[in-house]
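Colleague: Before we start, here is the structure in question, set down as structure tokens.
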Amino acid sequence: MRMRWRWAGAALALGLLGSGCVSFSQVQTADTLGAGRFQLGLEPGAQPVEETETQSDGTRTVKRGYAPLVDLSLRYGVTERLDLGARLGSSSLELQSKILLTSPENESLAISLAPTASGIFAAFGPLEAGYLRVSLPLLIGIKTRGGSELVLGPRLDGRRFLAGAGEDKLGVNILNAGASVGYALRVSEGFRLLPEVAYSRTIAGSAEANGATVDRGVLDAPGVWQFRLGFLFGQGRPSLAASGGDTRYEE
């Protein structure tokens with residue numbers, strides 16, 4: 001019985017890992033919104049996937065396709081340097097924050113830390129499974145004339161998957177590194193269009209059974225790409241270039 005639940009837990013944990021449901025795209029600017037401003041985002045996209053099928057004669061075929069991604073996001077400017085928000089969809093439920101490290105009055109550059117936390121949990125009778133993810137992106141925004149922004153986003157992701165029943169559990173720990181590049185095109189004062197490409201790869205991993213480590217480096221998987229097209233609604237920070245550089249900010 002214990003061995004049966006162990007293998008069931010392992011299958012479910014690895015199924016969550018490979019399901020493509022984990023989003024690592026940014027789909028936001030490095031600059032904060034500014035105090036009192038809201039932003040609503042619609043973030044459709046796709047992720048390349050591969051599926052291997054074994055035929056009756058033992059030969060294997062690889063099918064390639066794309067898994068759809070979609071998220072809804074809502075962000076609020078608490079101060080000139082701090083945004084808080086949430087994202088729901090392919091990212092499960094993700095809580096977001098963004099801390100601007102450069103001056104809000106900088107007309108050419110915005111650098112910020114954007115830590116996030118997300119997770120999901122499911123129960124199937126006595127079997128339980130879920131994961132927790134904590135991410136630390138560094139967003140570097142190069143501002144262009146008219147309020148648009150080129151966004152570079154190196155990041156680290158720490159993830160923990162857990163599955164099992166009762167005291168018989170299997171856990172998977174993963175550390176990913178990756179980056180994204182996007183361009184937030186300011187179409188109008190209240191709308192930005194943000195195409196983005198993101199990449200993530202596992203750099204360390206381990207598996208444990210009932211709290212004891214049983215293997216390390218077992219998750220040597222290929223890197224994963226994601227493509228997004230963000231529709232961002234909300235005024236955001238006024239463009240200094242468009243306002244003649246006379247905008248004033250209060251902390």
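The values are calculated or read from the model by the stated rules, or taken from the named source; none is laboratory data. Computed from a predicted structure; not experimentally measured. Cβ atoms come from the backbone with ideal geometry, glycine included; neighbour counts cover every protein chain shown. Areas reflect the complete protein model, heavy atoms only, side chains present, ligands, DNA and RNA absent. Shrake-Rupley method; radii C 1.70, N 1.55, O 1.52, S 1.80 Å.
Colleague: Just a yes or no: is a residue in region 92-111 open to solvent by 80 Å² or more (accessible area, probe 1.4 Å) and in a strand (DSSP E or B)?
Modeller: yes
Colleague: Which residue is surrounded by the most Cβ atoms within 10 Å (Cβ to Cβ), if the candidates are limited to region 71-91 and must be part of a strand (DSSP E or B) and of a type in the set (D, E, K, R)?
Modeller: Within region 71-91, the first condition is being part of a strand (DSSP E or B), and the residues that meet it are 71-77, 82-89.
Retained after the next criterion (residues that are of a type in the set (D, E, K, R)): 71, 75, 83, 87.
Values: 71: 21, 75: 24, 83: 26, 87: 24.
Per the stated criteria, the residue is 83.
Colleague: Having 2 or more residues that are modelled with pLDDT under 85 and within 30 Å of residue 51 (Cβ to Cβ) is the bar; report the strands (runs of 3 or more DSSP E) wholly within region 152-251 that clear it. Reasoning before the result, please.
Modeller: Details: elements: 155-165, 168-188, 191-209, 212-216, 224-233.
Once the strands (runs of 3 or more DSSP E) in region 152-251 are filtered for at least 2 residues that are modelled with pLDDT under 85 and within 30 Å of residue 51 (Cβ to Cβ), what remains is 155-165, 168-188, 191-209, 212-216.
Colleague: A further question on this structure: Here's a check for you: in region 128-149, which residue that is in a strand (DSSP E or B), in contact (Cβ under 8 Å) with a residue 24 or more places away in the chain and open to solvent by 20 Å² or more (accessible area, probe 1.4 Å) is farthest from residue 106 (Cα to Cα)? Quick ask: steps written out before the conclusion?
Modeller: Here is the first cut: in region 128-149, the ones in a strand (DSSP E or B) are 128-143, 149.
If we keep only those that are in contact (Cβ under 8 Å) with a residue 24 or more places away in the chain too, we end up with 128-135, 137-143, 149.
Those left that are additionally open to solvent by 20 Å² or more (accessible area, probe 1.4 Å): 128, 132, 134, 138, 140, 142-143.
Working: 128: 49, 132: 36, 134: 29, 138: 17, 140: 13, 142: 10, 143: 9 Å.
So, considering only residues that are in a strand (DSSP E or B), in contact (Cβ under 8 Å) with a residue 24 or more places away in the chain and open to solvent by 20 Å² or more (accessible area, probe 1.4 Å), the one farthest from residue 106 (Cα to Cα) is 128.
Colleague: Also, I was wondering about something else. Confirm whether residue 159 is within 23 Å of residue 141 (Cβ to Cβ), touching a residue at least 24 places away in the same chain (Cβ under 8 Å) and out of contact with any Gly (no Cβ under 6 Å at 6 or more places or on another chain).
Modeller: Details: within 23 Å of residue 141 (Cβ to Cβ): no; touching a residue at least 24 places away in the same chain (Cβ under 8 Å): yes; out of contact with any Gly (no Cβ under 6 Å at 6 or more places or on another chain): yes.
When the stated conditions are applied, residue 159 does not pass them.
Colleague: Are any of the residues in region 51-61 open to solvent by 80 Å² or more (accessible area, probe 1.4 Å), outside any loop (DSSP other than H, G, I, E, B), of a type in the set (Val, Ile, Thr) and at pLDDT below 90?
Modeller: Residues of region 51-61 open to solvent by 80 Å² or more (accessible area, probe 1.4 Å): 51-52, 54, 56-57, 60.
Then drop every residue that is not outside any loop (DSSP other than H, G, I, E, B), which leaves 51-52, 54, 60.
From what's left, of a type in the set (Val, Ile, Thr): 52, 54.
Next, from what is left, pick out any that are at pLDDT below 90: 52, 54.
For region 51-61, residues open to solvent by 80 Å² or more (accessible area, probe 1.4 Å), outside any loop (DSSP other than H, G, I, E, B), of a type in the set (Val, Ile, Thr) and at pLDDT below 90: present.
Colleague: Another one. Determine, yes or no, whether residue 12 is at pLDDT below 65, of a type in the set (A, V, I, L, M, F, W, C) and in contact with a strand residue (DSSP E or B) (Cβ under 6 Å, 6 or more places away or on another chain).
Modeller: On the way: at pLDDT below 65: yes; of a type in the set (A, V, I, L, M, F, W, C): yes; in contact with a strand residue (DSSP E or B) (Cβ under 6 Å, 6 or more places away or on another chain): yes.
Judged against the criteria, residue 12 is a match.
Colleague: Okay, next question. Filter region 112-125 down to the residues that are closer than 18 Å to residue 87 by Cα and not hydroxyl-bearing (Ser, Thr, Tyr), then identify the one that is surrounded by the fewest Cβ atoms within 10 Å (Cβ to Cβ).
Modeller: As a first pass, look at region 112-125 and keep what is closer than 18 Å to residue 87 by Cα: 113-121.
The next check asks that each one be not hydroxyl-bearing (Ser, Thr, Tyr); those that pass are 113-115, 117, 119-121.
Values: 113: 14, 114: 22, 115: 14, 117: 13, 119: 15, 120: 15, 121: 11.
Going through the qualifying residues, I end up with 121.
Colleague: Do you know which of the residues in region 150-204 that are farther than 15 Å from residue 43 by Cα and of a type in the set (Lys, Arg) is surrounded by the fewest Cβ atoms within 10 Å (Cβ to Cβ)?
Modeller: Residue satisfying both the conditions and the ranking: 201.
Colleague: Determine the pairs where a residue that is free of Cβ contacts under 8 Å to residues at least 12 places away in the same chain, located within region 187-206, has a partner that is open to solvent by less than 60 Å² (accessible area, probe 1.4 Å) with Cβ atoms under 6 Å apart, the partner being 6 or more residues away or on another chain.
Modeller: Cβ pairs passing all conditions: 187/193.
Colleague: Could you grab me the full set of residues in region 131-145 that are farther than 20 Å from residue 194 by Cα and out of contact with any strand residue (DSSP E or B) (no Cβ under 8 Å at 6 or more places or on another chain)?
Modeller: Residues of region 131-145 that are farther than 20 Å from residue 194 by Cα, as a first pass: 131-136.
Within region 131-145, no residue meets the criteria.
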